[in-house]
1. Are there any pairs, at least 6 apart or on different chains, whose C-beta atoms fall under 7 Å, with the first in the range 35-46 and on the phi < 0 side of the Ramachandran plot and the second of a type in the set (K, R), and if so, which?
2. Of the numbered conditions (1) under 21 Å from G131 (Cβ atoms); (2) surrounded by 14 or more Cβ atoms within 10 Å (Cβ to Cβ), G42 satisfies every one except a single condition; which is it?
3. Contact list please: Cβ distance under 7 Å, first residue in the range 93-113 and farther than 15 Å from V12 by Cα and aromatic (F, W, Y), second residue in a strand (DSSP E or B) and modelled with pLDDT of 95 or more, pairs at least six apart or on different chains.
4. Write out, first by first residue and then by second, each pair whose Cβ atoms fall under 8 Å of each other, whose residues are 6+ apart or on separate chains, and whose first residue, in the range 116-137, is free of Cβ contacts under 8 Å to residues at least 24 places away in the same chain and of a type in the set (A, V, I, L, M) while the second is surrounded by 14 or more Cβ atoms within 10 Å (Cβ to Cβ) and in a loop (DSSP other than H, G, I, E, B).
5. Filter the range 4-46 for residues that are assigned to a loop (DSSP other than H, G, I, E, B), of a type in the set (D, E) and modelled with pLDDT of 95 or more; which is farthest from R82 (Cα to Cα)?
6. If a residue has to be in a loop (DSSP other than H, G, I, E, B) and among the charged types (D, E, K, R) to count, how many in the range 63-107 make the cut?
7. Only residues that are within 19 Å of D73 (Cβ to Cβ) and surrounded by 14 or more Cβ atoms within 10 Å (Cβ to Cβ): list them for the range 3-35, please.
Amino acid sequence: MKISVQEADFDVGAELAALRAGDARVGAVASFVGLVRDVNEGSGVSEMTLEHYPGMTEKALAAIVGDARTRWDIYDALIIHRVGRLLPCDQIVLVAVSSAHRGEAFAACEFIMDYLKTRAPFWKREATPAGTRWVDARDSDDSAAARWQEAND
């Protein structure tokens, strides 16, 4: 399991190759890459700044992956989440999961991303033409995460 919170960009191809390297059991790798958009909530966005609580953030991400491991038969997972100043089109996050089969990999990857959006301690501030604003959690993110809880009941 690789968890990294970093300012530097990442190479998706290299990270996915490392995730599955030398493991002949792997039959599937599912991944998600999140990017900075130039519009949010109807306003132009010229940049985004992501902040986090070092130490606590990495523990929260590891706990999310641990929860995914209890639900699905996955071999490995990685989360890379950037912090600091980001511009439109910059990569923000990479989540990837390896497994024997695509169903397990897809489900675990989606679960990790849904929980990351709602349970990981990141704070986003956007620069817009009207000034800077903190980005609140979306109801749609909470709904996406809630369905996993319902599925577990």
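The values are calculated or read from the model by the stated rules, or taken from the named source; none is laboratory data. Computed from a predicted structure; not experimentally measured. Here the Cβ positions follow ideal geometry from the backbone for every residue, glycine too, while neighbour counts run over all protein chains shown.
1. Once the first residue is on the phi < 0 side of the Ramachandran plot and sits in the range 35-46, its partners that are of a type in the set (K, R) give V45/R37.
2. Tallying (1) under 21 Å from G131 (Cβ atoms); (2) surrounded by 14 or more Cβ atoms within 10 Å (Cβ to Cβ), G42 fails exactly one: (2).
3. F106/A30
4. none
5. Just the residues of the range 4-46 that are assigned to a loop (DSSP other than H, G, I, E, B), to begin with: 7-11, 21-27, 36-38, 41-42, 45-46.
After this cut, where a residue has to be of a type in the set (D, E) as well, the list is 7, 9, 11, 23, 38, 41.
Those still in the list that are modelled with pLDDT of 95 or more too: 7, 9, 11, 23, 38.
Values: E7: 5, D9: 7, D11: 12, D23: 27, D38: 17 Å.
Here the answer is D23.
6. Final tally of qualifying residues: 2.
7. If the condition is that a residue be within 19 Å of D73 (Cβ to Cβ) and surrounded by 14 or more Cβ atoms within 10 Å (Cβ to Cβ), then L19, R20, V26, G27, A28, V29, A30, S31 are the ones that fit.
To keep it simple, each residue is scored yes or no on (1) out of contact with any helix residue (DSSP H, G or I) (no Cβ under 7 Å at 6 or more places or on another chain); (2) closer than 23 Å to G55 by Cα; (3) surrounded by fewer than 16 Cβ atoms within 10 Å (Cβ to Cβ).
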residue: G84; (1), (2), (3): yes, yes, yes
residue: L87; (1), (2), (3): yes, no, yes
residue: I92; (1), (2), (3): yes, yes, no
residue: A96; (1), (2), (3): no, yes, no
residue: A100; (1), (2), (3): yes, no, yes
residue: G103; (1), (2), (3): yes, no, yes
residue: E110; (1), (2), (3): yes, no, no
residue: Y115; (1), (2), (3): no, yes, no
